[in-house]
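Step one of this worksheet: look at the structure below.
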Amino acid sequence: MRDVRARMMGSAWSYLRVIGMPLFHLLTLAAFYSAMGRSALLGTDKMVFYASGILPFMLFLYPVRSNILAIDDNRPLLVFPRVNPIDLVISRALLEIVNSLIVITVLALALFAFGADIVPKNPIKTLSGIGMTMLFSLAFCLPNAIISRLVTNWLQACVLTAVGLYISSGALFLPSQMPPIVSEIIYFNPLAHCVEWVRSGYYETYHEGLLDKRYLIGVILALLVIGFSLERFLRGKLN
């Protein structure tokens, strides 16, 4: 609750801004590409196709800055012996997940109001893809939040990296339609697997492109291990 009040400034407008900014971004991007006359690469609904790719990007990128700053923003809490730096990152991530779920709900209602068919063909697959995207975002931020506390300008490098992951993730194109050498490079982008996972639940005829669930889960586990290990060894320098 302290984190919520500090970030929202106790204002209803601030709550709406935190929820509305990513929603506005998502709708703007989807509407822009739809207005350009680009046909959907899958299915017939352009808004749904672009939204299915932009949604994982939003779930990953928007919490990055906030989660990485969790330790700096809540440093006074570290005076309490029971509070560890890792607790601050995880609690901030849980807050961001709640925000993301609200945004997903509002987005679904908005697309439904515009007549879009928002129901995935395989809801379980889509929801599991959304969950893995959120988990990847947390795993990405965990070690970087530790390093950012000790290295100047590390946050900026992380944000640039996250943007690079988005550009090459296939959110606005299909990696399977790219030249083989490009597809092989995109394969190593974990966010691309998140996009493929979410998107594959929407289209029965889509064969998941380059999706490798074991690779994505392996990256997430590796990042979590690195994050917990860094926090363990550097805890004394983080206070």
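Please return the ranges of helices (runs of 4 or more DSSP H) entirely within the range 151-222 where 2 or more residues are in contact with an Asp or Glu (Cβ under 7 Å, 6 or more places away or on another chain).
190-200
Which residue, of L216, L138, L142, is under 25 Å from V48 (Cβ atoms), within 14 Å of the chain's Cα centre (by Cα) and open to solvent by less than 40 Å² (accessible area, probe 1.4 Å)? If you could, list the steps in order and put the result at the bottom.
Working: L138 fails: under 25 Å from V48 (Cβ atoms); L142 fails: under 25 Å from V48 (Cβ atoms).
When all the criteria are applied, what remains is L216.
Quick grid of which residues meet (1) touching a residue at least 40 places away in the same chain (Cβ under 8 Å); (2) in contact with a helix residue (DSSP H, G or I) (Cβ under 7 Å, 6 or more places away or on another chain):
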residue: L138; (1), (2): yes, yes
residue: Q156; (1), (2): no, no
residue: Q177; (1), (2): yes, no
residue: L191; (1), (2): yes, yes
residue: Y202; (1), (2): yes, yes
residue: L230; (1), (2): yes, yes
residue: G236; (1), (2): no, no
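Which one of the conditions (1) under 16 Å from the mean Cα position of the chain (by Cα); (2) open to solvent by less than 10 Å² (accessible area, probe 1.4 Å) does T105 fail to meet, given that it meets all the rest?
Looking at each condition in turn, T105 falls short on (2).
For residues that are part of a helix (DSSP H, G or I) and hydrophobic (A, V, I, L, M, F, W, C), scanning just the range 113-132, find the one that is nearest to Y50 (Cα to Cα).
I130
Would you say N84 is in contact with a Lys or Arg (Cβ under 9 Å, 6 or more places away or on another chain), crowded, with 16+ Cβ neighbours inside 10 Å and polar (S, T, N, Q)?
So N84 passes the test.
Okay, residues lined up against (1) out of contact with any Gly (no Cβ under 9 Å at 6 or more places or on another chain); (2) under 20 Å from I97 (Cβ atoms); (3) open to solvent by 20 Å² or more (accessible area, probe 1.4 Å):
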{"position": "V159", "(1), (2), (3)": "yes, yes, yes"}
{"position": "S168", "(1), (2), (3)": "yes, no, yes"}
{"position": "V182", "(1), (2), (3)": "yes, no, yes"}
{"position": "G227", "(1), (2), (3)": "yes, yes, no"}
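Of all residues in the range 89-131, which are among the hydroxyl-bearing types (S, T, Y) and at pLDDT below 85? Break it down stepwise before answering.
Within the range 89-131, the first condition is being among the hydroxyl-bearing types (S, T, Y), and the residues that meet it are 91, 100, 105, 126, 128.
Result: S100, T105.
Out of the residues in the range 145-157 that are closer than 18 Å to L61 by Cβ and touching a Lys or Arg at 6+ places or on another chain (Cβ under 9 Å), which is least open to solvent (accessible area, probe 1.4 Å)?
The selected residue is A145.
The values are calculated or read from the model by the stated rules, or taken from the named source; none is laboratory data. Model, not experiment: these values are computed from the prediction. Here Cβ is always computed from backbone atoms with ideal geometry, including for glycine, and neighbour counts include all displayed protein chains. For the accessible areas, the whole protein counts, side chains as well, though only heavy atoms, and no ligand, DNA or RNA atoms are used. Shrake-Rupley method; radii C 1.70, N 1.55, O 1.52, S 1.80 Å.
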